[in-house]
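Novice: Below is a structure I'd like to ask you about.
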Amino acid sequence: MAKLQMDTLRPLRNLITQRYTTPNPPHKHVHWELIIFENGITENKVNDIVYKNTGRGDVFLLGPNHIHSIRFLTEPNTHWDIYYSEEDLKSICNLLDENLFERACATPPICFKLPLRLVDSVFSELSELEVLCSLTELNDIKTTQTHQRFANSILHYILGLYMKEEWCKNDKIPRWFYDIVHELQKPETFSKRISDVVNMSNYSHAQFSKIFKKFTNMSLIDYIVNLRLDYAAQLLRTTNTSALEISSFVGYDSFSFFIKIFKKRYGVTPLQFRKLPDFLPPKT
């Protein structure tokens, strides 16, 4: 980055993202920056707010109104900067929430930690984008604009994760319940007996059924049946596995019962469903 003033930093025209291994004294930005910390422990300061122990996966969205400094607490220490125009930022924010850009301009800034399962993939994308930028001539405006669109897609994705996290903070559904429902999406789980599913919680069958109804507005049995039948329909459409085998695979030992509930949902038997030329939506 070329230094214009003692406290103002401006990226080069074709520099869209860069990996840094140096700390930063207090400074401002001409453009918006998405900063993602990769390695090491850092003291990150934004508008006199100190974020101690900033580390891997921590994200900050900073603009011209944010005074920023980075002090390394451990080394080696690396972080990524990704640069955006205000016009691009506003456009992306408005796609997610009409008040998000106003929130981005405020103090404290937008900041959160990426889910650990996603950190490596984000850094991999940034590494590839940095290579693409390094191979681009300064006057190659068309290619640079294409690279910026790649960077914009990363910002859209990360701000979407931020919005989801903020929504979850205000959500009244407990984390343990989400964990069970997440586990329920797996065929090896929803094909189990209902009692085995209930045992994943610390509640009795009656208690868990009541909690499930409260949070989803549907019964536990109906939810599991929908998962089973949706997956059975998918297998019928995409594999040559017999309907009998699919019945057993999704948790039904009685083939006749499987046919009955499948027909109730889709209006046709499993074999008839497989022969239909187009997807048939479930009955409403």
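Novice: Give me a count of the residues in segment 53-77 that are open to solvent by 10 Å² or more (accessible area, probe 1.4 Å) and more than 20 Å from residue 155 (Cβ to Cβ).
Specialist: Total satisfying the criteria: 9.
Novice: When you scan segment 56-81, how many residues do you find that are out of contact with any Asp or Glu (no Cβ under 7 Å at 6 or more places or on another chain) and either in a loop (DSSP other than H, G, I, E, B) or hydrophobic (A, V, I, L, M, F, W, C) (or both)?
Specialist: 15
Novice: Are any of the residues in segment 204-224 hydroxyl-bearing (Ser, Thr, Tyr), open to solvent by 50 Å² or more (accessible area, probe 1.4 Å), assigned to a helix (DSSP H, G or I) and at pLDDT 95 or above?
Specialist: No, the conditions are met nowhere in segment 204-224.
Novice: Additional query: Residues being of a type outside the set (S, T, N, Q) and more than 22 Å from residue 227 (Cβ to Cβ): count how many of those fall in segment 169-203.
Specialist: 2
Novice: Mind checking which residues of segment 225-247 are open to solvent by 70 Å² or more (accessible area, probe 1.4 Å) and touching a helix residue (DSSP H, G or I) at 6+ places or on another chain (Cβ under 8 Å)?
Specialist: Correct list: 237, 244.
Novice: For residues that are part of a helix (DSSP H, G or I) and not polar (S, T, N, Q), tally how many sit in segment 103-121.
Specialist: The number of residues fulfilling the criteria is 8.
Novice: Pick out the one residue from 17, 107, 42 that is open to solvent by less than 10 Å² (accessible area, probe 1.4 Å) and modelled with pLDDT under 95.
Specialist: After ruling out the rest, the residue left standing is 17.
Novice: Go through segment 188-203 residue by residue and tally those that are in a helix (DSSP H, G or I) and surrounded by 14 or more Cβ atoms within 10 Å (Cβ to Cβ).
Specialist: Residues that pass the stated criteria total 5.
Novice: Among the hydrophobic types (A, V, I, L, M, F, W, C), open to solvent by 40 Å² or more (accessible area, probe 1.4 Å), touching a strand residue (DSSP E or B) at 6+ places or on another chain (Cβ under 7 Å) and not in a loop (DSSP other than H, G, I, E, B), is that true of residue 50?
Specialist: Answer is yes for this residue.
Novice: Scan segment 189-207 and report the pairs whose first residue is more than 24 Å from residue 252 (Cβ to Cβ) and whose second residue is among the aliphatic types (A, V, I, L, M) and open to solvent by less than 50 Å² (accessible area, probe 1.4 Å), with Cβ atoms within less than 7 Å and a gap of 6+ or a chain change.
Specialist: Short answer, once both residue conditions are applied: 203/211.
Novice: Would you mind stating whether residue 56 is among the basic types (Lys, Arg) and out of contact with any helix residue (DSSP H, G or I) (no Cβ under 9 Å at 6 or more places or on another chain)? Walk me through it before giving the result.
Specialist: Working: among the basic types (Lys, Arg): yes; out of contact with any helix residue (DSSP H, G or I) (no Cβ under 9 Å at 6 or more places or on another chain): no.
No; evaluated as a whole, the condition is false for this residue.
Novice: Determine, yes or no, whether residue 89 is within 21 Å of residue 22 (Cα to Cα), open to solvent by less than 10 Å² (accessible area, probe 1.4 Å), at pLDDT 95 or above and of a type in the set (A, V, I, L, M).
Specialist: no
The values are calculated or read from the model by the stated rules, or taken from the named source; none is laboratory data. Being a predicted model, the structure only gives us computed values, none of them experimental. Cβ: placed from backbone, ideal geometry, glycine included. Neighbour counts: every protein chain shown. Protein only, heavy atoms only, side chains kept; ligands, DNA and RNA dropped before computing areas. Shrake-Rupley method; radii C 1.70, N 1.55, O 1.52, S 1.80 Å.
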